[in-house]
Amino acid sequence: MQATVEIESGQRFAFGANWLRFLETVDGERIAMAQQDITQMLQVDDLSGLRFLDVGCGSGLSSLAAVRLGATVHSFDYDPSSVGCTQELKRRFEPDNTAWQIEQGSVLDRDYLESLGKYDIVYSWGVLHHTGAMWQAIENAMIPVADHGKFFISIYNDQGWKSRVWRQIKKAYCHSPELAKPLLALAIGGATELLGFGRHLFSPIEFVRRRLQYRKLRGMSYWHDVIDWIGGYPFEVASSEEITEFCAGSGLVLDNHKSVGTSSGCNVFVFRRNSHTQFSGIGQR
């Protein structure tokens, strides 16, 4: 597959391989945390009777959370290993659930997105900025959003020169020999942690507490997220204002927003499509 070719040539990080290692940590608590994150941002108690599209399903944890919340779920990912991760989670936790479909697909394939029909919730957490064509990916991902449907995405925050430096680090990591990658991750991750600790010199307990409670952030694993951050290439960024303006150009209204301010990480958005607003592509950059 094309994704495998891109990974082997250093053009793309092996997201799926990282998530395969993450599967060992998935338990009831992580699933509950992922459910909580979805319901809080959507400002609902559950997803009963709703159709949920997971664009770039990664580990499959968010898809599983949506299933547990009562949704009919369609999951897809460009990386075949991520598809395998999601299939494995389904096998472990929801083996007989026919309301959860999983397949390989690309958000950059407009015809594919148009073939999927309409969904009450189109969800893509930390994915669209890793496609190599972020604005096209965002535009395509809007296509399946139904009237009154929600568009739930997260996009890396634009930090100016810092983001440009990180892009070069990620590119270098992906082009490094396999044996060197763990050492690079330890070196870069360690340096980043030291800088983070330095910023919390007057509140070290808070710094340690955040690390110990990291799984409460969407049920994620700190070390696997570190690897994802260091190696996550392609890598694009945008400000909250740019994302909001772009989506407004296609008739989407902002319902909820979580900003990281000037920090690294993802700004999170929940948009809503007004009734009878047709996708026009006028958000193009």
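The values are calculated or read from the model by the stated rules, or taken from the named source; none is laboratory data. Just so it is clear, the structure is predicted and the values come from calculations on it, not from any experiment. As a convention, Cβ positions derive from the backbone with ideal geometry for all residues, glycine included, and neighbour counts pool all protein chains shown. What goes into the accessible areas is simple: the full protein's heavy atoms, side chains included, and nothing from ligands, DNA or RNA. Shrake-Rupley method; radii C 1.70, N 1.55, O 1.52, S 1.80 Å.
Quick one: what pairs do we get from the stretch 165-181, first residue within 10 Å of residue 233 (Cβ to Cβ), second part of a helix (DSSP H, G or I) and of a type outside the set (A, V, I, L, M), C-beta under 8 Å, 6+ apart or different chains?
Cβ pairs passing all conditions: 170/231; 173/181; 173/231; 174/231.
Please work out which residue is modelled with the lowest pLDDT, limiting yourself to the stretch 238-267 and to residues that are of a type in the set (A, V, I, L, M) and over 22 Å from residue 132 (Cβ atoms).
Result: 260.
I need the full set of residues from the stretch 77-113 which are touching a Pro at 6+ places or on another chain (Cβ under 8 Å) and more than 14 Å from residue 60 (Cβ to Cβ), in order please.
113
Looking only at the stretch 231-270, how many residues end up being touching a Leu at 6+ places or on another chain (Cβ under 7 Å) and in a helix (DSSP H, G or I)?
Qualifying residue count, the stretch 231-270: 1.
Tell me which residues, restricted to the stretch 78-101, are open to solvent by 40 Å² or more (accessible area, probe 1.4 Å) and within 17 Å of the chain's Cα centre (by Cα).
If the condition is that a residue be open to solvent by 40 Å² or more (accessible area, probe 1.4 Å) and within 17 Å of the chain's Cα centre (by Cα), then 78, 80, 81 are the ones that fit.
Among the acidic types (Asp, Glu), under 23 Å from the mean Cα position of the chain (by Cα) and at pLDDT below 75 - does that describe any residue in the stretch 188-197?
Looking through the stretch 188-197, at least one residue is among the acidic types (Asp, Glu), under 23 Å from the mean Cα position of the chain (by Cα) and at pLDDT below 75.
What pairs come out if I take residues in the stretch 251-266 that are in contact (Cβ under 8 Å) with a residue 60 or more places away in the chain and within 19 Å of residue 163 (Cβ to Cβ) and pair them with residues that are among the charged types (D, E, K, R) and surrounded by 14 or more Cβ atoms within 10 Å (Cβ to Cβ) whose C-beta lies under 8 Å away, six or more apart or interchain?
That search, which allows pairs on different chains as well, returns 264/162.
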